[in-house]
Amino acid sequence: MNTIQQKEQEIREEFGLFDDWMDKYNHLIEMGKDLPMIDEKYRQKQYLISGCQAQVWLHARLEEGKVLFTADSDALITKGIVHMLIRILSGETPQAILDADLTFLDEIGLKEHLSPTRANGLVSMIKQMKLYALAFQAKQNKTP
Amino acid sequence: MNREIRDQFPILGREVNKRPLVYFDNAATTQKPERVIASLGHYYRSMNSNIHRGVHALSQEATEAYEGVRKQVAQFINASSHREIIFTRGTTESINLVASSFGKKFLAPGKEVLISAMEHHSNIVPWQMACEASGAQLKVIPVNDRGELMLEKLPSLLSPKTAIVAVTHISNALGTVNPVKEIIAMAQQHHIPVLLDGAQAIPHMEVDVQALGVDFYCFSSHKMYGPMGIGVLYGREGLLDQLPPYQGGGEMIEKVSFEHTSYNELPFRFEAGTPNVGDAIAFGEAMYFILETGYQKIAAHEKHLIEYTEEKLRQREGIRFVGSAKERAGVISFLVNNIHPYDIGMIMDKFGIAVRTGNHCAQPLMDQYGITGTIRISFAVYNTTEEVDQALKALDKAIDMLR
């Protein structure tokens, strides 16, 4: 089990404690509130992932071969999921991020948030995270 | 409770997330009564065929039924002739048709198209495209903070340059009922044609195109209890006659050779290709449903629901209504404290309540209010105060969770 899978397992267990959707959502909302603040300079238009309804801001940097993400959303539930994604993917290598399948969202009963019709920016956020990973990987390969 | 109306809508019996469905997204699309659903099935079981050209019995029957609905629409909106009724896929296509055909004929550099700041994207983008193609300019009637058109600005916006005025009859985002009679009267003084986007009006109020004196009136079947994929462009005959065709193909022609094609008469000139016969016929049933229920009863019931809901919302803290026009219909748009509408909508859905959240395809209007969206409750005749109570309970729960 790699670290991404371990972190996914942790989240699965966290959500396994809840029987009904309301507890799950309360947990998600709490996670949203606990999302580390994004630096105001990254809460700008060029970091905005347009989701039509809920907006998501995402910034990434590469440090010692690991990608560090920071993000924010104006909707709390979306922010909770953003927090989860950051917990799982931040601090990982570009390759690990590219390989992550993120099926845990389905397993904890939050698949609906990844439906493209939800217009919450999450699908685009995951795509953008992987694009960052891909770009960092290409950069690494060029400068050995 | 309006049991005998509700019972006609099979979908209202279903559950969402293990709770009885409360459907408050009627401005997006209404549900369909059994007679509309049955009519679709009946058409495909008993008379499906291609119309107008066939000599066989099925084609005759389907043609008669389809053309019968055209006459029914003409009566429904009091058009002076069925030739003024063009079937389209819906309001969006109706507006695109006018923007394209009217644009080709009447728009040019130095000309202007006048829309309003509360338009749905469907009544903005087609005109932007037509302006881009012709070199004409788009002008906008401003909206005040209450969500009303600033009519006092209209005289200075109308000029010999104005080629057409295109505004919504009722705002889909705020529910504002626009003073369309005054707008038309002012435009008529300058001999400027007026197009009304009636998508949100005709489900709630009787529309008489002759009494209005409107030149183009656009609406969709699916927002008035009929099927999706069929809608209407009403066009005043004298004006329609001057417009070039929109799309080319079968049905719209009179005679085709490789050198020259002459076009069919109204309304067929604007209906290229095999039309949506089945949905048109079922749309006829939807109009019967409205007529039998009665606009008076529909309007009174919906007004009651709006007043009831607003009153209950007002009793809560932190509710901000978006749009407080004197004349409103169908829609309540609001925000709660600084909670994102998306969060509220998600939690309410968990309780089986369908509301709309977001910008309602009216981004310029949202920009004016400095918001990204609202929560919108929109009613139809089958909704009840019990459902409102359910929805507000869910809203309270959502606010509690999101605080």
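The values are calculated or read from the model by the stated rules, or taken from the named source; none is laboratory data. All values reported here derive from a predicted model rather than from experimental measurement. Methodologically, a virtual Cβ is constructed for each residue, glycine included, from the backbone with ideal geometry; neighbour enumeration extends over all protein chains shown.
Results, tabulated for the structure shown:
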| quantity | calculated |
| --- | --- |
| Residue match in the stretch B:84-104 (condition: assigned by TED's automatic domain parsing to the domain that holds B:Glu237, among the aliphatic types (A, V, I, L, M), farther than 30 Å from B:Ser156 by Cα and touching a helix residue (DSSP H, G or I) at 6+ places or on another chain (Cβ under 7 Å)) | yes |
| Residue, farthest from A:Leu85 (Cα to Cα), within the stretch A:18-42, restricted to residues that are basic (Lys, Arg) and within 14 Å of chain B (Cβ to nearest Cβ) | A:Lys24 |
| Residues being closer than 25 Å to B:Val336 by Cα and surrounded by fewer than 24 Cβ atoms within 10 Å (Cβ to Cβ) - total across the stretch A:46-71 | 8 |
| Some residue of the stretch B:129-138 being touching a Pro at 6+ places or on another chain (Cβ under 8 Å) and either on the phi > 0 side of the Ramachandran plot or not assigned by TED's automatic domain parsing to the domain that holds B:Gly238 (or both) | yes |
| Matching residues in the stretch B:199-218 - criterion: being under 23 Å from B:Thr29 (Cβ atoms), assigned to a loop (DSSP other than H, G, I, E, B) and among the hydrophobic types (A, V, I, L, M, F, W, C) | B:Ala199, B:Ala201, B:Ile202, B:Met205, B:Val207 |
| Condition check for A:Gln9: in a helix (DSSP H, G or I), more than 13 Å from every other protein chain (Cβ to nearest Cβ), surrounded by fewer than 18 Cβ atoms within 10 Å (Cβ to Cβ) and within 16 Å of the chain's Cα centre (by Cα) | yes |
| Candidates B:Glu386, B:Glu327, B:Glu311, B:Glu307, filtered to the one that is within 22 Å of B:Val177 (Cα to Cα), among the charged types (D, E, K, R), in contact (Cβ under 8 Å) with a residue 12 or more places away in the chain and not assigned by TED's automatic domain parsing to the domain that holds B:Ile141 | B:Glu327 |
| Residue within the stretch B:272-287 that is within 14 Å of another protein chain (Cβ to nearest Cβ) and either touching a strand residue (DSSP E or B) at 6+ places or on another chain (Cβ under 7 Å) or under 30 Å from B:Gln368 (Cα atoms) (or both) present | no |
| Search result, residues across the stretch A:87-115 that are surrounded by fewer than 21 Cβ atoms within 10 Å (Cβ to Cβ) and modelled with pLDDT of 90 or more | A:Arg87, A:Ser90, A:Gly91, A:Thr93, A:Gln95, A:Ala96, A:Leu98, A:Asp99 |
| Test for A:Leu68: is it over 30 Å from B:Asn337 (Cα atoms), in contact with a Ser or Thr (Cβ under 9 Å, 6 or more places away or on another chain) and not polar (S, T, N, Q) | yes |
| Condition met for B:Met287 (under 25 Å from B:Arg6 (Cβ atoms) and assigned by TED's automatic domain parsing to the domain that holds B:Val143) | yes |
| Odd one out for B:Phe379 among (1) closer than 16 Å to B:Phe24 by Cβ; (2) free of Cβ contacts under 8 Å to residues at least 60 places away in the same chain; (3) not aliphatic (A, V, I, L, M) | (2) |
| Evaluation of B:Glu67 against (1) crowded, with 20+ Cβ neighbours inside 10 Å; (2) at negative phi; (3) of a type outside the set (A, V, I, L, M) (one fails), failing number | (1) |
| Selection count where residues are hydrophobic (A, V, I, L, M, F, W, C) and either outside the structural domain of B:Glu93 (by TED's automatic domain parsing) or surrounded by 24 or more Cβ atoms within 10 Å (Cβ to Cβ) (or both), scope the stretch B:202-223 | 5 |
| Residue within the stretch A:61-73 that is of a type in the set (Val, Ile, Thr) and within 14 Å of chain B (Cβ to nearest Cβ) present | no |
| Some residue of the stretch B:44-60 being of a type outside the set (Lys, Arg), assigned by TED's automatic domain parsing to the domain that holds B:Gly238, buried (at least 17 other Cβ atoms within 10 Å of the Cβ) and under 29 Å from B:Glu292 (Cβ atoms) | yes |
